[in-house]
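Participant: Let me begin by handing over the structure; questions about it come next.
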């Protein structure tokens, strides 16, 4: 693994470096891994998505920092996503993000990129609108105990696939039941593995 201080396109000001790790930098396909508001890319869901991607032959660009206190988290994640996506695109880029990062679903749709959104914020109309117009395969993963998981709001789009996990919260965990949480993690990893393996 090689870690880099990357330079990319900033939407808010001068071009500045941001913390990122690059795995398999010469791979012809790449996953861009984006964190949640309080869920870094080293947390279990995103950690294992990265491992699945590497095992499938993808490179991974992993954004390592998180929104700073006092800064608009949605502006922050958009800036990070733009910088990451503009850094050496490959023949097939896939966006994977947790929660907050689903706010850049419009970027994935605009660029024609497949995506995996873990616990997307389906209570935000802009995200639902972006999902309605995506033309590339997109996987949505959520739990029925998560107040932001609103499957009835999902648009009718054949490009959307979903994994719904009964009783899981916004962290895709079942509080007080670590074994059930681990079983859910296995289901997510298996689904993401199949999703990435089927992309062309």
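Where a number appears in this text, it was derived from the coordinates with a stated rule and is not lab data. Keep in mind the model is a prediction, meaning the values are calculated, not measured. Quick reminder, even Gly has a Cβ in these numbers, built from the backbone with ideal geometry, and neighbours come from all protein chains shown.
Participant: Could you give the length gained on full extension between residue 17 and residue 111, defined as 0.36 nm per residue of separation minus the Cα-Cα distance, in nm?
Facilitator: Using 0.36 nm per residue and subtracting the Cα-Cα distance, I get 31.5 nm.
Participant: I would also like to ask the following. Kindly put 199, 113 in sequence by how many other C-beta atoms sit within 10 Å of each C-beta, fewest to most.
Facilitator: Neighbour counts put them in this order, fewest first: 199, 113.
Participant: Here's another thing I want to ask about it. State the extension gain, in nm to one decimal, for the chain segment bounded by residue 144 and residue 55, taking 0.36 nm per residue of separation less the distance between their alpha-carbons.
Facilitator: That works out to 29.1 nm of additional length.
Participant: Note the per residue figure in Å³ for the convex hull of the C-alpha positions in region 82-200.
Facilitator: 102 Å³
Participant: Which of 54, 158 comes first, and how do the rest follow, when ranked by fewest Cβ neighbours within 10 Å?
Facilitator: Least crowded to most crowded, the residues run 158, 54.
Participant: Could I ask something else about it? For the chain, take the longest principal axis of its alpha carbons; what is the angle in degrees between that and the long axis of helix 178-198, to the nearest 10 within 0 to 90?
Facilitator: Approximately 60 degrees, to the nearest 10.
Participant: Related question: If a paramagnetic tag sat 7 Å from the Cα of residue 92 along the Cα-Cβ line, which residues of region 158-200 would have the backbone N under 11 Å from that point?
Facilitator: From region 158-200, the list is 195-200.
Participant: Rounded to the nearest 500, what is the chain's calculated 222 nm mean residue ellipticity when only DSSP H runs of at least 4 contribute -39500 (n - 2.57) each, over all residues?
Facilitator: About -10000 deg cm²/dmol.
Participant: Now, a different point. Got a sec? How would 117, 149, 76 order by Cβ neighbour count within 10 Å, fewest to most?
Facilitator: Result, fewest neighbours first: 76, 149, 117.
Participant: Separate question: Spin-label point model (7 Å from Cα, Cβ direction): what's the residue 190 to residue 164 distance in nm?
Facilitator: Inter-label distance under the simple model: 1.9 nm.
Participant: Additional query: Tell me the angle of helix 73-86 to the major Cα principal axis of the chain, expressed in degrees between 0 and 90 and rounded to the nearest ten.
Facilitator: Tilt of helix 73-86: around 60 degrees.
Participant: When the Cα centres of region 161-200 and region 90-113 are compared, how far apart do they sit, in Å?
Facilitator: So the two Cα centres are separated by 19 Å.
Participant: With axes computed from alpha carbons, what is the tilt in degrees of helix 44-55 against the longest principal axis of the chain, rounded to the nearest 10 within 0 to 90?
Facilitator: Helix 44-55 sits roughly 60 degrees off the main axis of the chain.
Participant: Test of understanding: in a Gaussian network model of the chain with alpha carbons linked when under 10 Å, which of 137, 68, 19 would top the mean-square fluctuation ranking?
Facilitator: 68
Participant: Given [x] 0.95; [y] 1.48; [z] 1.21 as candidate values of Cα Rg over 2.2 N^0.38 Å, which corresponds to the one derived from the coordinates?
Facilitator: Recomputing Cα Rg over 2.2 N^0.38 Å here gives the entry labelled [x].
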